[in-house]
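Here the structure comes first, spelled out in structure tokens, and everything after it is commentary.
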Amino acid sequence: MSRPINDALWQQITHDITTEMRAWRLAHPKATLCAIEVELDARLNRMRARMIEDLALTSSAADWTATPAAEVPRCTACDQSLEATGAKSRTLQTHGAQALTMERTYGVCPACGAGLFPPR
Ligand SMILES: [Zn+2]
């Protein structure tokens, strides 16, 4: 792992959902079970996306700039060790129409010029 799970982030988003749902429930004391479920699911989908982003950053593939030479990701076309060109982000979509922003070290092959995000 390049870094551990961000405990402070996970505690913050859990706290935020608890606080938001408490306030929402007080404002909607007669909400149906279905309405409660919709409100909670919307927040859980947001929380889930932030957790996935954080978990992805714990991968050794997220930042391999300090990886020993023998373990540096290799070009899938010609098997040369990739050269890191810095972190780049890309946005993906996950459940609940939530955007995931993934920050990873991007690599370029010095032989053929192919560029890629090494797989996780
Ligand atoms: Zn190559």
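For the pair THR14 and LEU40, the difference between a 0.36 nm per residue extended length and the Cα-Cα distance amounts to 8.2 nm. Legend: ranking of residues LEU9, LEU82, LEU57 from fewest to most surrounding C-beta atoms inside 10 Å; resulting order LEU9, LEU57, LEU82. Close amide H pairs (under 5 Å, H built 1.01 Å from N) link LEU100 with LEU92, GLN93, THR94, residues at least 5 positions away or on another chain. Placing unit charges on the Cβ atoms of the charged side chains and taking the dipole of the chain about its Cα centre, the candidate lying farthest along the positive direction among TRP24, MET47, ALA97 is TRP24. Calculated FRET efficiency, LYS30 and GLN93, Cβ-Cβ r, R0 30 Å, to nearest 0.05? Efficiency at R0 = 30 Å is approximately 0.30.
Tally Lys and Arg at +1 and Asp and Glu at -1 over the other residues with C-beta under 14 Å from the C-beta of ILE36: what net charge comes out?
Details: positive: ARG22, ARG25, LYS30, ARG43; negative: GLU20, GLU37, GLU39, ASP41.
Overall, the nearby charge balance is 0.
Here the stretch 83-120 and the stretch 5-20 have alpha carbon centers that stand 26 Å from each other.
Between ARG22 and ALA69, the modelled label-to-label distance comes to 5.6 nm, taking each label 7 Å out from Cα in the direction of the beta carbon.
FYI, it's all coordinate maths here, none of it is from the lab. If you're wondering where the values come from, they're calculated on a predicted model, not measured in any experiment. So basically every Cβ, Gly included, is an ideal-geometry build from the backbone, and we count neighbours across all protein chains shown.
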